[in-house]
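Chemist: Below you will find the structure I want to go over with you.
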Amino acid sequence: MIAALTLLATPAAAGWTLPCLFSGCSITFVSPEYAAKPVQPLDPEAALAQINAYRTKNGRKPVVLDERLSRAAAAQSKAQAGRSRIGHDGSDGSKPMQRAARAGYRAKIASENVASGQKSFSDVMRSWEGSSGHRENLLRPEVTAVGVAMAKNSSGWPYWTLVLGAEKANAKKDTEESAKMGKEEGHAQPQPLTREGCKTADMKWNDQSNVCG
(Lines give C-alpha, C1' and ligand atoms only; values in the text may rest on other atoms or scores of the structure.)
Protein backbone atom coordinates (compact mmCIF):
# COMPACT_ATOMS: atom_id res chain seq x y z
CA MET A 1 0.00 0.00 0.00
CA ILE A 2 1.24 3.49 -0.89
CA ALA A 3 1.16 6.12 1.85
CA ALA A 4 -0.14 9.56 1.04
CA LEU A 5 3.08 11.30 2.02
CA THR A 6 3.99 13.75 -0.69
CA LEU A 7 7.54 15.03 -1.14
CA LEU A 8 7.49 18.33 -2.98
CA ALA A 9 10.20 20.34 -4.68
CA THR A 10 10.09 23.45 -6.89
CA PRO A 11 12.95 25.25 -8.64
CA ALA A 12 13.53 28.96 -9.04
CA ALA A 13 16.28 30.63 -11.01
CA ALA A 14 17.52 34.17 -10.39
CA GLY A 15 14.42 35.27 -8.56
CA TRP A 16 11.62 33.70 -10.59
CA THR A 17 9.23 30.94 -9.49
CA LEU A 18 8.11 28.03 -11.65
CA PRO A 19 4.50 27.18 -10.73
CA CYS A 20 3.86 23.68 -9.48
CA LEU A 21 1.02 23.36 -11.99
CA PHE A 22 3.54 22.97 -14.76
CA SER A 23 6.97 21.29 -15.10
CA GLY A 24 9.50 21.46 -12.30
CA CYS A 25 7.35 20.07 -9.51
CA SER A 26 8.39 16.68 -8.17
CA ILE A 27 5.84 14.68 -6.24
CA THR A 28 6.76 11.26 -4.83
CA PHE A 29 4.59 8.82 -2.93
CA VAL A 30 6.52 6.80 -0.36
CA SER A 31 6.01 3.79 1.87
CA PRO A 32 4.95 3.99 5.53
CA GLU A 33 8.42 2.66 6.41
CA TYR A 34 10.08 5.65 4.77
CA ALA A 35 7.60 8.05 6.36
CA ALA A 36 8.51 6.69 9.79
CA LYS A 37 12.25 7.30 9.34
CA PRO A 38 13.85 10.14 11.31
CA VAL A 39 15.14 13.20 9.48
CA GLN A 40 18.92 13.12 9.17
CA PRO A 41 20.80 16.27 10.27
CA LEU A 42 22.26 18.34 7.47
CA ASP A 43 26.04 18.15 7.03
CA PRO A 44 26.89 21.11 4.74
CA GLU A 45 30.33 19.75 3.78
CA ALA A 46 28.88 16.34 2.87
CA ALA A 47 26.13 18.09 0.90
CA LEU A 48 28.76 20.09 -0.97
CA ALA A 49 30.63 16.89 -1.82
CA GLN A 50 27.46 15.37 -3.30
CA ILE A 51 26.73 18.49 -5.33
CA ASN A 52 30.28 18.61 -6.70
CA ALA A 53 30.27 14.89 -7.48
CA TYR A 54 27.13 15.40 -9.55
CA ARG A 55 28.51 18.49 -11.29
CA THR A 56 31.84 16.82 -12.07
CA LYS A 57 30.09 13.74 -13.45
CA ASN A 58 28.21 16.04 -15.81
CA GLY A 59 31.22 18.04 -16.95
CA ARG A 60 30.73 21.06 -14.68
CA LYS A 61 33.26 22.76 -12.45
CA PRO A 62 33.02 22.24 -8.68
CA VAL A 63 31.60 24.97 -6.45
CA VAL A 64 32.50 26.18 -2.97
CA LEU A 65 30.38 26.54 0.15
CA ASP A 66 29.62 30.20 0.86
CA GLU A 67 28.51 31.25 4.34
CA ARG A 68 26.44 34.13 2.99
CA LEU A 69 24.48 31.90 0.64
CA SER A 70 23.98 29.45 3.50
CA ARG A 71 22.44 32.28 5.53
CA ALA A 72 20.13 33.06 2.62
CA ALA A 73 19.21 29.38 2.38
CA ALA A 74 18.60 29.18 6.13
CA ALA A 75 16.25 32.18 5.98
CA GLN A 76 14.15 30.48 3.30
CA SER A 77 14.06 27.09 5.04
CA LYS A 78 12.93 28.85 8.20
CA ALA A 79 10.24 30.77 6.26
CA GLN A 80 8.88 27.58 4.69
CA ALA A 81 8.90 25.73 8.01
CA GLY A 82 7.15 28.66 9.71
CA ARG A 83 4.22 28.50 7.31
CA SER A 84 4.42 24.71 6.71
CA ARG A 85 4.41 25.29 2.97
CA ILE A 86 7.04 24.95 0.30
CA GLY A 87 7.84 27.87 -1.99
CA HIS A 88 10.34 30.46 -3.12
CA ASP A 89 8.68 33.56 -1.67
CA GLY A 90 10.15 34.63 1.66
CA SER A 91 8.02 35.41 4.70
CA ASP A 92 8.09 39.05 3.56
CA GLY A 93 7.64 38.28 -0.13
CA SER A 94 11.37 38.35 -0.89
CA LYS A 95 12.94 36.46 -3.81
CA PRO A 96 16.21 34.44 -3.91
CA MET A 97 18.22 37.35 -5.33
CA GLN A 98 17.01 39.67 -2.56
CA ARG A 99 17.80 37.19 0.19
CA ALA A 100 21.30 36.68 -1.19
CA ALA A 101 21.84 40.46 -1.19
CA ARG A 102 20.62 40.77 2.39
CA ALA A 103 23.18 38.15 3.39
CA GLY A 104 25.92 40.27 1.82
CA TYR A 105 26.26 38.34 -1.44
CA ARG A 106 26.20 40.61 -4.50
CA ALA A 107 24.78 38.07 -6.91
CA LYS A 108 24.55 38.19 -10.66
CA ILE A 109 22.99 34.72 -10.37
CA ALA A 110 20.95 33.41 -7.43
CA SER A 111 19.19 30.16 -8.26
CA GLU A 112 17.25 28.27 -5.61
CA ASN A 113 16.13 24.65 -5.21
CA VAL A 114 13.76 23.76 -2.39
CA ALA A 115 12.40 20.42 -1.22
CA SER A 116 10.08 19.24 1.49
CA GLY A 117 9.65 15.92 3.27
CA GLN A 118 12.86 14.11 2.28
CA LYS A 119 14.61 12.44 5.20
CA SER A 120 18.18 13.24 4.15
CA PHE A 121 20.11 15.49 1.78
CA SER A 122 20.99 12.40 -0.28
CA ASP A 123 17.27 11.80 -0.83
CA VAL A 124 16.83 15.46 -1.71
CA MET A 125 19.59 15.24 -4.32
CA ARG A 126 17.98 12.19 -5.90
CA SER A 127 14.69 14.10 -6.17
CA TRP A 128 16.39 17.12 -7.72
CA GLU A 129 18.44 15.04 -10.14
CA GLY A 130 15.22 13.51 -11.43
CA SER A 131 13.57 16.89 -12.03
CA SER A 132 14.53 18.91 -15.12
CA GLY A 133 14.19 22.33 -13.46
CA HIS A 134 16.21 21.39 -10.38
CA ARG A 135 18.79 19.58 -12.50
CA GLU A 136 19.27 22.68 -14.62
CA ASN A 137 20.01 24.73 -11.49
CA LEU A 138 22.45 22.12 -10.16
CA LEU A 139 24.37 22.11 -13.44
CA ARG A 140 24.42 25.82 -14.28
CA PRO A 141 27.96 26.36 -15.62
CA GLU A 142 28.21 29.96 -14.34
CA VAL A 143 27.58 29.03 -10.72
CA THR A 144 30.63 29.20 -8.44
CA ALA A 145 29.23 28.89 -4.90
CA VAL A 146 26.35 27.36 -2.96
CA GLY A 147 24.65 27.62 0.40
CA VAL A 148 22.47 24.92 1.93
CA ALA A 149 20.10 24.68 4.89
CA MET A 150 17.29 22.66 6.44
CA ALA A 151 14.65 23.61 8.99
CA LYS A 152 11.73 21.67 10.48
CA ASN A 153 8.25 22.88 11.27
CA SER A 154 6.54 22.26 14.61
CA SER A 155 5.61 18.73 13.47
CA GLY A 156 9.19 17.87 12.51
CA TRP A 157 8.56 18.11 8.76
CA PRO A 158 11.80 19.14 6.98
CA TYR A 159 12.21 21.97 4.48
CA TRP A 160 15.45 21.96 2.48
CA THR A 161 16.91 24.91 0.58
CA LEU A 162 19.88 25.12 -1.77
CA VAL A 163 21.02 28.49 -3.14
CA LEU A 164 23.43 28.45 -6.08
CA GLY A 165 25.15 31.70 -6.91
CA ALA A 166 27.70 33.62 -8.92
CA GLU A 167 28.89 36.94 -7.57
CA LYS A 168 29.35 40.13 -9.57
CA ALA A 169 32.89 40.63 -10.86
CA ASN A 170 33.55 43.79 -8.83
CA ALA A 171 31.83 42.59 -5.65
CA LYS A 172 35.02 41.62 -3.82
CA LYS A 173 36.74 44.90 -4.72
CA ASP A 174 33.72 46.94 -3.59
CA THR A 175 33.54 45.01 -0.31
CA GLU A 176 37.25 45.51 0.37
CA GLU A 177 37.06 49.23 -0.40
CA SER A 178 34.02 49.66 1.85
CA ALA A 179 35.77 47.81 4.65
CA LYS A 180 38.90 49.94 4.20
CA MET A 181 36.90 53.16 4.28
CA GLY A 182 35.05 52.03 7.38
CA LYS A 183 38.33 51.14 9.08
CA GLU A 184 39.91 54.48 8.21
CA GLU A 185 36.87 56.37 9.41
CA GLY A 186 36.77 54.36 12.62
CA HIS A 187 40.37 55.26 13.45
CA ALA A 188 40.26 58.90 12.36
CA GLN A 189 41.31 61.27 15.13
CA PRO A 190 39.65 64.67 15.57
CA GLN A 191 41.93 67.55 14.63
CA PRO A 192 42.48 70.32 17.22
CA LEU A 193 40.98 73.71 16.45
CA THR A 194 43.27 76.54 15.36
CA ARG A 195 43.12 79.94 17.01
CA GLU A 196 40.91 81.18 14.19
CA GLY A 197 38.69 78.10 14.38
CA CYS A 198 38.39 78.52 18.13
CA LYS A 199 37.23 82.09 17.68
CA THR A 200 34.73 81.05 15.01
CA ALA A 201 33.32 78.40 17.34
CA ASP A 202 32.89 81.13 19.99
CA MET A 203 35.32 79.38 22.34
CA LYS A 204 38.20 80.78 24.39
CA TRP A 205 41.80 80.33 23.25
CA ASN A 206 44.31 79.41 25.97
CA ASP A 207 47.54 81.30 25.20
CA GLN A 208 49.46 79.39 27.84
CA SER A 209 48.78 75.90 26.49
CA ASN A 210 48.17 77.02 22.92
CA VAL A 211 44.90 75.07 22.67
CA CYS A 212 41.24 75.91 22.36
CA GLY A 213 39.05 75.53 25.45
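The values are calculated or read from the model by the stated rules, or taken from the named source; none is laboratory data. Keep in mind that what you see is a predicted model, and the values were worked out from it rather than measured. Every residue, glycine among them, receives a Cβ derived from its backbone with ideal geometry; neighbour counts consider all protein chains shown. Side chains are part of the model used for accessible areas, which takes the heavy atoms of the whole protein and leaves out ligands, DNA and RNA. Shrake-Rupley method; radii C 1.70, N 1.55, O 1.52, S 1.80 Å.
Chemist: Is there a quick way to get the dipole size of the range 25-98? I mean about its Cα centre, with the Cβ of Lys and Arg at +1 and of Asp and Glu at -1; what is the value in debye to the nearest 20?
Modeler: 240
Chemist: Please work out how much accessible surface residue 109 shows to a 1.4 Å probe, ignoring ligands, DNA and RNA, in Å² rounded to 10.
Modeler: Probe radius 1.4 Å; accessible area of residue 109 about 20 Å².
Chemist: Sticking with this one: From the phi angles alone, apply the Karplus equation (6.51, -1.76, 1.60; θ = phi - 60°) to the range 121-138 and give each ³J(HN,Hα) in whole Hz, x where the residue is Gly or Pro.
Modeler: Using θ = phi - 60°, the values come out as 5, 4, 5, 4, 4, 4, 5, 5, 5, x, 10, 4, x, 5, 4, 4, 5, 4 Hz.
Chemist: Specify which residue in the list 138, 94, 114 is farthest towards the positive end of the charge dipole of the range 93-143, using unit charges on the beta carbon of Lys, Arg (+1) and Asp, Glu (-1), about the Cα centre.
Modeler: The listed residue farthest towards the positive side: 94.
Chemist: A 25 angstrom limit on the alpha carbon distance is what I want to check against. Which of 37/152; 57/78; 61/168; 95/152; 61/108; 57/152 exceed it?
Modeler: Exceeds cut-off: 57/78; 57/152.
Chemist: In addition: For residue 131, what charge total do you get from the other residues with a beta carbon under 14 Å from its beta carbon, if Lys and Arg give +1 and Asp and Glu give -1?
Modeler: Surrounding charge for residue 131 is -2.
Chemist: Note down the accessible area of residue 97, probe 1.4 Å, to the nearest 10 Å².
Modeler: 60
Chemist: Using only the alpha-carbon atoms of the range 36-181 as identical scatterers, what base-10 log of I(q)/I(0) does the Debye formula give at q = 0.19, 0.20 Å⁻¹?
Modeler: -1.11, -1.21
Chemist: For residue 90, what is the net charge nearby, where nearby means another residue's Cβ is under 15 Å from its Cβ and Lys, Arg count +1, Asp, Glu -1?
Modeler: Taking every other residue near residue 90 into account, the sum is +4.
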